[in-house]
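Here is the structure we will look at, set down as structure tokens.
The values are calculated or read from the model by the stated rules, or taken from the named source; none is laboratory data. Computed from a prediction, not measured in an experiment: that's the story for all the values here. Please note: Cβ atoms are built from the backbone with ideal geometry, for glycine as well, and neighbour counts cover all protein chains shown.
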Amino acid sequence: MKRKSWLKRIFTGIGLIAMSVCLGIIAGGNRVAYADDVSSEPEEANIRINIFLRSPDEDKDKHTPPIQTLSSRMDVKKAKETSVNDFIKKHNIPIYAENYSVYDHLNIILTYVNHPNLRKQAIEEYFTIFKPSYLYNPDSSMDLAEQKAAIAVFFEQEEAQPFIDYGYQGMVLDKDKTDKEARNQFLTLTPAKGGGYTAQDFYVYLKPETNPVIVPSKVDQSALTADDHATIVSGENVDAATFHARALNSDGEEIPVTVAAGEADLKVPGTYTITLTADNGKTKTVTLTVTPGEAAIEAVAPKKTVVYGLKTIYLYQKPTFNQRQRVAKYRQVKRTQRPLFVVTGYAKSKSGAPRYQVKDVNHGSKTAGKTGYITVRKAFVAPAYYQKTPKKIKVINPKGINSYQRVGLTKKVKHVKAGQTLNVIARKQHNLTTRFVLANGQYVSANKKLVLAIK
């Protein structure tokens, strides 16, 4: 069921209007003259009743617009024997929880209007007096928490507003008078236009509040929570987030947490004592482990360069590695078949471990084009192109390599078979790769999958 439809049901069913209706106060009207009828057949008709509020100082001939109109079908012949209380009693049964009535409903609203500081308490009480099956729709697209939040907004904006608009602040329900009227008055019907009947007006009587509401004592919600231990890589900074620290003031509002590192040297591996302090005065002592940091990631493989896997590695969705988030597996293979990745960025796991952010560039493979994160550990990943210049290289690609006139490996000169050695005089950078310049001025790839530095 759509949100709009179930909210409409609530607005028309459990609003202030419904409360007023269920109270059932009678205030005059003319009784209908019924013709003698020996038939025992019931005369079913629709009966409508207008509901009003009234305070002691209001002129009985002048009152605010009706809060609501209640309609119900009944046997017209039994109207003279039906009290207002009986007429509306059936409407209470499906609405209110056991031991609660419309009087509780009305008192909650009046408490909120008269004492805005009790707003939270009033809303919580509001949810206890109704049957859950009446408040919440199991077929709604919203979950229970969302429905409850929507009803709470309605309570604040719709339930109390008539009392404020009509100047009923400071009033409370005159329960004795209301109840007496509801039980002692009987329906007096007048034919209505369009069919059915209208009963005399019903009034919910109010009176000035004489006994002040006792405001419950305020609960101090001050708190400071944090992990007892955290780990960082040497050189990293430490703040409240490192320990997942969270603090609340006495009203339950989130407040800052500061970190006192004391004598801890965040550049030197070891275990240190750290003090967390919240603005509410609470403190907590925690421990911090500083682990050795690897060399700068950029020094291992700069962004936009190519790396390859040395051992079995995995491509992950996120920098904090989790087996359920593996995107692809790359097994350990011989050098000439190692998987290639372009480094597109860097990241760190929750514990501070550095990661490469990469794109799979193994053309022709099922994994080509996939993106994610891999380890930066030198035992598992290394640059795929030589970054230093050897004196000699050996061709290790089984199919051999080609030499070219230009650094972009264009204008082929000749083919060099596997196993041959070549003299190198320089190394040139070209886009994401490097090239070796041979003694004869020609260029060959510096890809470690194709050639091996031997001197």
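So the values come out like this:
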read-out	value
Pair list, Cβ under 6 Å, 6 or more apart: region 235-261 residue touching a residue at least 40 places away in the same chain (Cβ under 8 Å) and at positive phi, other residue surrounded by 13 or more Cβ atoms within 10 Å (Cβ to Cβ) and of a type outside the set (Asp, Glu)	GLY235/GLY293
Close pairs (8 angstrom Cβ cut-off, 6 or more residues apart or separate chains): among the charged types (D, E, K, R) in region 126-138, surrounded by 14 or more Cβ atoms within 10 Å (Cβ to Cβ) anywhere	LYS131/ILE95; LYS131/TYR96; LYS131/ALA97
Residues of region 205-221 classified as in contact with a Leu (Cβ under 9 Å, 6 or more places away or on another chain), at pLDDT 80 or above, surrounded by fewer than 17 Cβ atoms within 10 Å (Cβ to Cβ) and not charged (D, E, K, R), total	1
Among the residues listed as TYR134, TYR112, the single one being surrounded by fewer than 16 Cβ atoms within 10 Å (Cβ to Cβ) and either within 24 Å of GLN68 (Cβ to Cβ) or in contact with a helix residue (DSSP H, G or I) (Cβ under 8 Å, 6 or more places away or on another chain) (or both)	TYR134
Which listed residue is modelled with pLDDT of 90 or more, hydroxyl-bearing (Ser, Thr, Tyr) and farther than 30 Å from GLN357 by Cβ, from TYR404, TYR385	TYR404
ALA264 of a type in the set (A, V, I, L, M) and either touching a residue at least 60 places away in the same chain (Cβ under 8 Å) or not in a loop (DSSP other than H, G, I, E, B) (or both)	no
Test for PHE155: is it in contact (Cβ under 8 Å) with a residue 24 or more places away in the chain, in contact with a helix residue (DSSP H, G or I) (Cβ under 8 Å, 6 or more places away or on another chain), over 18 Å from ARG119 (Cβ atoms) and of a type outside the set (D, E, K, R)	no
Strands (runs of 3 or more DSSP E) within region 161-251 that include 2 or more residues within 22 Å of ASP104 (Cα to Cα) and not aromatic (Phe, Trp, Tyr)	171-173, 202-208
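Residue-wise test of (1) assigned to a strand (DSSP E or B); (2) at pLDDT 90 or above; (3) among the hydrophobic types (A, V, I, L, M, F, W, C); (4) within 29 Å of the chain's Cα centre (by Cα).
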| position | (1), (2), (3), (4) |
| --- | --- |
| LEU276 | yes, yes, yes, yes |
| LYS318 | no, yes, no, yes |
| LYS329 | yes, yes, no, no |
| GLN332 | no, yes, no, no |
| ALA347 | yes, no, yes, yes |
| GLY352 | no, no, no, yes |
| TYR356 | yes, yes, no, no |
| LYS359 | yes, yes, no, no |
